[in-house]
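J.: Let me begin by handing over the structure; questions about it come next.
The values are calculated or read from the model by the stated rules, or taken from the named source; none is laboratory data. The structure displayed is predicted, hence computed values, not measured ones. No Cβ is skipped: glycine too gets one built from the backbone with ideal geometry, and neighbour counts run over all protein chains shown. Accessible surface areas use protein heavy atoms only, side chains included; no ligands, DNA or RNA. Shrake-Rupley method; radii C 1.70, N 1.55, O 1.52, S 1.80 Å.
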Amino acid sequence: GSSGIGKSKLSQEFAEYVTTRSSHVGGCVFLSGRFDKVQQAQPFQAISSAFDKYCLWLSSRDQITVEKISSALSADLKDDFTSLVALMPNLARIIGKDCDGEKDDEKDESAVDAQKRLRYLICQFVEITSRCHEEPLILFLDDCQWI
């Protein structure tokens, strides 16, 4: 819809409803990210921002889910966390590993291969997180016109 008609406000009210008012049915975790006109060169910025905030929130609240996600990520992705932690620094709180170094096999990757690999890693992260979390996860992306 057109700008200024209240889409963001509607999403905020929906987030409040699914996280608090519907708690009698288990509630949901509502994640939101916003694309930015200035950061168009970073195509995963809104998604990574939303999941980075989620990792920070989760690391301080739910150790059982943190352990499930950490174990599943380690099993599925082995030690291939560097790119994900670069996008979502708070993921390091979940996996409990220092991921500052660059893997040797990433140095020779073409830009296209690196983007495909990053897309794959993000999809794996979302799938694992969704599978390990008790409550449903809702991801809202705002200002998609800046993609």
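J.: Among the residues of segment 9-21, are any open to solvent by less than 20 Å² (accessible area, probe 1.4 Å) and within 24 Å of Ile128 (Cβ to Cβ)?
T.: Looking for residues that are open to solvent by less than 20 Å² (accessible area, probe 1.4 Å) and within 24 Å of Ile128 (Cβ to Cβ), one finds at least one in segment 9-21, hence yes.
J.: So, of the residues in segment 22-50 that are more than 30 Å from Arg117 (Cα to Cα) and open to solvent by less than 40 Å² (accessible area, probe 1.4 Å), which turns out to be modelled with the highest pLDDT?
T.: Gly27
Matching residues to (1) basic (Lys, Arg); (2) modelled with pLDDT of 90 or more:
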| position | (1), (2) |
| --- | --- |
| Asp100 | no, no |
| Lys107 | yes, no |
| Val112 | no, no |
| Ile122 | no, yes |
| Phe125 | no, yes |
| Glu135 | no, no |
| Ile138 | no, no |
| Asp142 | no, no |
| Gln145 | no, no |
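J.: Here's another thing I want to ask about it. Quick check on my filter: what residues within segment 107-140 are among the basic types (Lys, Arg) and out of contact with any Ser or Thr (no Cβ under 8 Å at 6 or more places or on another chain)?
T.: Once the filter is applied, which keeps residues that are among the basic types (Lys, Arg) and out of contact with any Ser or Thr (no Cβ under 8 Å at 6 or more places or on another chain), segment 107-140 yields Lys107, Lys116, Arg119, Arg131.
J.: Within segment 53-73, track down each residue that is open to solvent by 30 Å² or more (accessible area, probe 1.4 Å), modelled with pLDDT of 85 or more and within 17 Å of Ser130 (Cβ to Cβ).
T.: Passing the criteria: Lys53, Trp57, Ile64, Glu67, Lys68, Ser71.
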